[in-house]
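The values are calculated or read from the model by the stated rules, or taken from the named source; none is laboratory data. Predicted model only: the values in this text are computed from it and were never measured. All Cβ positions, glycine included, derive from the backbone under ideal geometry; neighbour counts span all protein chains shown.
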Amino acid sequence: MLTIYGNQSRFCDGISRRNFLRIGALGLGGLSMARLLQAEALANVGRSHKAIIMIFLPGGPSHQDMFDLKMDAPSEVRGEFKPIQTKVPGIQICEHLPKLAAIMDKLAIIRSMVGAEDNHYAFQCLTGRHMRGQPPGGWPALGSVLSRLEGPVNNAVPPYVGLSPKMGHVPWSDNGTPGFLGVAHAPFTPNKGSAQGDMVLNGVTLDRLSDRKSLLVGFDQFRRQVDAQGLMEGLDAFNQQAFGVLTSSKLLDALDVGKEDSKIRDWYGKGDPKNRDDGGPKLMEHFLIARRLVEAGARCVTLAFSRWDHHGDNFGALRQDLPLLDQGVSALIEDLHQRGLEKDVSVVMWGEFGRTPVINKDAGRDHWPRVSCAVLAGGGIKTGQVIGATDRLGGEAVERPVQFGEVFATLYHNLGIDANKVTVPDLAGRPQYLVDHGYQPMRELI
C-alpha cells in the first residue's frame, strides 16, 4: 500500500480525499503500475475507447422480486411486491423500480441466466468462468483482459478501475484479479486498504504533486529504504509514466464527484457509506464516479452495491435498497445517453446467483444457482426487450437459458473484440480464448 498524504477534505459521500490517493493494488512504490505500463508498451495496444461498467450485487439478488415477478404462483412463492408496466408494452418489473421501468426502452433484461456456482464470490461475474479447473495463475477478470489487449487510453488514467469497497465477506469486495496476465493488469482500487497497513511516502503532500522533481526525490529516498530491506528493485524509466497518474489531475478529478454539478449529484442520489453486516455500503456516488472514470479514459470499471443475501426479511431489505438501486442505475444509463456514450459504454448488472422460489420461515429466500437475472444497457445492443423465461415458480429456465460466457462474448463484441478469435497468453505461453466453450455473442442483442 502506498498512501500520499493530503488534506482531509471530504467528498459528498463522506469519504476523504486521502482515501482516493491510496494505491493499494498497484504494489510497492508504484512498481506494479510501472510494470503495467511496460507491458502495455510491448503489447499491440488498441486505440479505440469503448468501455464497460459492471455493477455487482453482492449476495445474489432476488430475481423473482425484481425483474421476474410471478403473480400466478402460490403465496409462499409469489412474495409481497406487485409488478408495474414499463415504457415497453408487455414488459413488467417490480413496483419499487419505477425509474428503471420508465427507461425500459434503454434496457435488456435476461430472466434466464444459468450455470452459476453456489458460492458467494464475485469471480464468475468478473471473469465469466467457473472457479474450478483454472489454469496456473488463474483466469483474468474482464478488465485485466482489456488492459492487456487495449492498454490505457492515456497514462493518467488506469484502464481498469475497481470501486468495490472492503466488506465483511471479502470475496464480495473482489474487483477482479489479473490471473495469469500478471500484476501489470491488476485493477486500480482507490477504495481498498492493505492487509499489511499503509506504506507512506513521507514528506510528499498533494501540494507537492505538481513538482515532479520533488516527487522523484521522494520516491528515490523511498526506493533506497525499501531496497535496503531487499523488497524491491530499482525503479526504471517506466516509473516516469507511473508518476503521470499521480501528478496529473485527470484521475483525481474523475474520482472527485464534488467537481460535478450539484444537480447531477442529486440526480444520482446519496446513499449510506456504512457497511451492512458482512456486505457492502450503499454508495450511490459510485455510479456517478463510474461514468466520470470512463469519460476520463478507463476501459473497465467495476463496483459493488449494498448486500443482497436476504435469508431473512427479504422484502423489508428490498424496500430499502430497491429505490436506491433504481435511482442510481437509471441515472447512470440516462446520463450515458444524454452524453452520447450509449454506444460506447456497456453496462451490465447482476449477482452471483438467484434466490429460492419458496419463501422460508424467516420471510427470506435462500441461495438458488439454477437461475438468475441480469440487466444490460448501452454498447450499441438492442434494448427494450426481455430475453428468456422461467417456469411458473421462477425456479427453472424454460426458455432461452443464457450462460455467463454468452454475456461476456457479447460485452467483448460491443468493444469490437471477437472472443472466439482473440487470445491472450497464459503463464506457459499458450494462447487462451477469452470465453469458454466457444460461446457466441447473444444474437438477440447484436
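Just a few scattered comments:
- Between Gly405, Gly388, the distinction of being on the phi > 0 side of the Ramachandran plot, in contact (Cβ under 8 Å) with a residue 40 or more places away in the chain, among the small types (Gly, Ala, Ser) and crowded, with 16+ Cβ neighbours inside 10 Å belongs to Gly388 only.
Yes/no matrix, rows are residues, columns are (1) closer than 17 Å to Trp350 by Cβ; (2) part of a helix (DSSP H, G or I); (3) modelled with pLDDT of 95 or more; (4) more than 18 Å from the chain's Cα centre (by Cα):
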| site | (1), (2), (3), (4) |
| --- | --- |
| Asp118 | yes, no, no, yes |
| Gly133 | no, no, no, yes |
| Pro140 | no, no, yes, no |
| Asn155 | no, no, no, yes |
| Lys166 | no, no, no, no |
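- Apart from one condition, Phe180 fits all of (1) farther than 23 Å from Asn414 by Cβ; (2) at pLDDT below 95; the exception is (2).
- Strands (runs of 3 or more DSSP E) fully within the range 18-116 counting 1 or more residues that are surrounded by 22 or more Cβ atoms within 10 Å (Cβ to Cβ), modelled with pLDDT of 95 or more and not aliphatic (A, V, I, L, M): 51-56, 92-94, 108-114
- Within the range 349-369, considering residues that are out of contact with any helix residue (DSSP H, G or I) (no Cβ under 8 Å at 6 or more places or on another chain) and in contact (Cβ under 8 Å) with a residue 12 or more places away in the chain, the one nearest to Ala108 (Cα to Cα): Phe353
- The residue pairs whose first member lies in the range 122-138 and is on the phi > 0 side of the Ramachandran plot and surrounded by fewer than 22 Cβ atoms within 10 Å (Cβ to Cβ), whose second member is among the charged types (D, E, K, R) and modelled with pLDDT of 95 or more, and whose beta carbons are closer than 9 Å, counting only pairs six or more residues apart or on different chains, are Gly137/Asp426.
- Condition check for Arg292: surrounded by fewer than 24 Cβ atoms within 10 Å (Cβ to Cβ) and assigned to a helix (DSSP H, G or I): yes
- Residue check for Arg370: among the charged types (D, E, K, R), modelled with pLDDT of 95 or more, closer than 21 Å to Tyr121 by Cα and crowded, with 24+ Cβ neighbours inside 10 Å: no
- Filter result for the condition that a residue is free of Cβ contacts under 8 Å to residues at least 40 places away in the same chain and surrounded by fewer than 23 Cβ atoms within 10 Å (Cβ to Cβ), over Glu334, Glu396: Glu396
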